[in-house]
């Protein structure tokens, strides 16, 4: 794989583009892959999504996303398992070897969609039990994913999202959750936005490499002040406070040789045409990430 | 110490009150202590501050705060050391056995005051080196603090503040920074707002107890949505997502028998008269914290 082709454009970075538009923009800019979200796959169907990506000469680096596994009720659990089985089938159909999992927040606080958040008074606050349920649901889903040739990839989210989006908050915790399973079954993603602050990041990346579990490296920057909606507060690589040279070297030294996906949620970055955003993203990748991907021989 | 008297009112929770007003409100509500901020101490002078607290029949549970230790330049380092030596003297004068340290963020991004934040483009992004400088500055200050009978207390701040307020992001990291020093010289604070999400919280609290380093237990709640200024996004205990029963039991089981300080930054909570806020804070403490402070015999 040439160095340039390791760049992947996550479709959430060009949120207003269809899959065809996003894929076209990525191919023209020089990306080697796209990382589609399920909404963009579902609106054309997984089979056609696979053709769109293939005909653009690209690969699907991953599918975003499964997860939201923290329900307590039997109906809630079954609904989550059903939805994740569909996501696994979609990943297999588009040829995405990895399905990213955002595991969900505290029950009732968890907001998979964009709707208003639940009242805290209705929330179950038992974080320990919620995390244990996540482990149980992963165990439920691993055989199905294995049968479809799809790896479940656990994403640690920044602790700012621990209440409402993901009770997996560190890379080390994601690795602990993955540990009962083979590396080919459950991997982890290193997303700079979510893990850059972690004092245990370097050993966690080393461990992930040793265990063969680094399934994806995602990049975007931590910018301040936070946006009113913190979910959409991410910046272009180089615009914020993250030390991409250092983290990228750690990921490379851990043996990761796969795609580097840029995934940015930010209203201002969504506004320009997809081609313009794609070009900016690739430029930032070439400046701040690519030079640090090769380890010295 | 009776159970009720373990409650301490941090003066930041009644931000608009003078030290005298805050102390009066705390005493009337039934608190056993106040945790003053330096601004409220400095405006009357440390000697008078000590009298105000003593005449109200209260103790100073801690002084907030020293720190902001991440400067690179010799002048910046000397200014930080000077300011912290003054803070140590103030803590000694008011009889606060503990001086809370917020260590500061990345240089140039760090905003000790309320002023506008620096441009990210000017920031030094080397988090590893920044953390190493914090360790060096603590070593510089320990002898002076020891000579004044004041313990330096490291506060891990939520990772949301890693860029601009504190590069110490977990309790475990705070303990690692404290480890070169005696427990009487450098302790840690367990602040629920900052550490509630941490998957390693329970073992970190156990370690802190075993090492004799739990110097303070601070409480306030994680509420959503975040305020426009995330610093002021904290909620009354019980209004958010934190499991106070569980964390309080962990702290009690670790042997902590000191004050429980409520420290809330929130424009809406600052608006009512200090007496009203103090009464609410004590009510929440009695409901959500106090019942879990006693470990079974």
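The values are calculated or read from the model by the stated rules, or taken from the named source; none is laboratory data. Because the structure is a prediction, the values reported are computed rather than measured. Using ideal geometry, Cβ is built from the backbone for each residue, glycine included, and neighbour counts are taken over all protein chains shown.
Some notes on this structure:
- Subset of region B:145-166 (residues that are within 14 Å of chain A (Cβ to nearest Cβ), out of contact with any helix residue (DSSP H, G or I) (no Cβ under 6 Å at 6 or more places or on another chain) and not in a loop (DSSP other than H, G, I, E, B)): B:161, B:166
- Only one of the listed residues (B:26, B:33) is over 16 Å from the mean Cα position of the chain (by Cα) and within 17 Å of residue B:57 (Cβ to Cβ). That residue is B:26.
- Qualifying residues in region B:216-240 (those that are part of a loop (DSSP other than H, G, I, E, B) and within 18 Å of residue B:156 (Cβ to Cβ)) - the one nearest to the other protein chains (Cβ to nearest Cβ): B:233
- Summed over region A:241-268, residues that are farther than 21 Å from residue A:32 by Cβ and either in a loop (DSSP other than H, G, I, E, B) or away from chain B (no Cβ under 14 Å) (or both) total 8.
- Test: residue in region B:193-201 that is within 17 Å of residue B:35 (Cα to Cα), part of a loop (DSSP other than H, G, I, E, B) and either touching a strand residue (DSSP E or B) at 6+ places or on another chain (Cβ under 7 Å) or free of Cβ contacts under 8 Å to residues at least 60 places away in the same chain (or both): no
- Residue match in region A:52-75 (condition: at pLDDT 95 or above, surrounded by fewer than 20 Cβ atoms within 10 Å (Cβ to Cβ) and on the phi > 0 side of the Ramachandran plot): yes
- Meets criteria (facing chain B (nearest Cβ under 10 Å), more than 13 Å from the chain's Cα centre (by Cα) and without any contact (Cβ under 8 Å) to a residue 60 or more places away in the chain) for residue A:169: yes
- Flag for residue A:270 being out of contact with any strand residue (DSSP E or B) (no Cβ under 7 Å at 6 or more places or on another chain) and within 25 Å of residue A:173 (Cβ to Cβ): no
- Helices (runs of 4 or more DSSP H) lying entirely in region A:14-117 (those with 3 or more residues that are closer than 30 Å to residue A:139 by Cβ): A:38-42, A:46-55, A:74-94
- Scope region A:172-192; condition in contact (Cβ under 8 Å) with a residue 12 or more places away in the chain, outside any loop (DSSP other than H, G, I, E, B) and under 21 Å from residue B:202 (Cβ atoms); matching residues: A:172, A:173, A:174, A:175, A:177, A:178
- Residue-level check: of (1) modelled with pLDDT of 95 or more; (2) within 9 Å of chain B (Cβ to nearest Cβ); (3) part of a helix (DSSP H, G or I), residue A:142 misses just (2).
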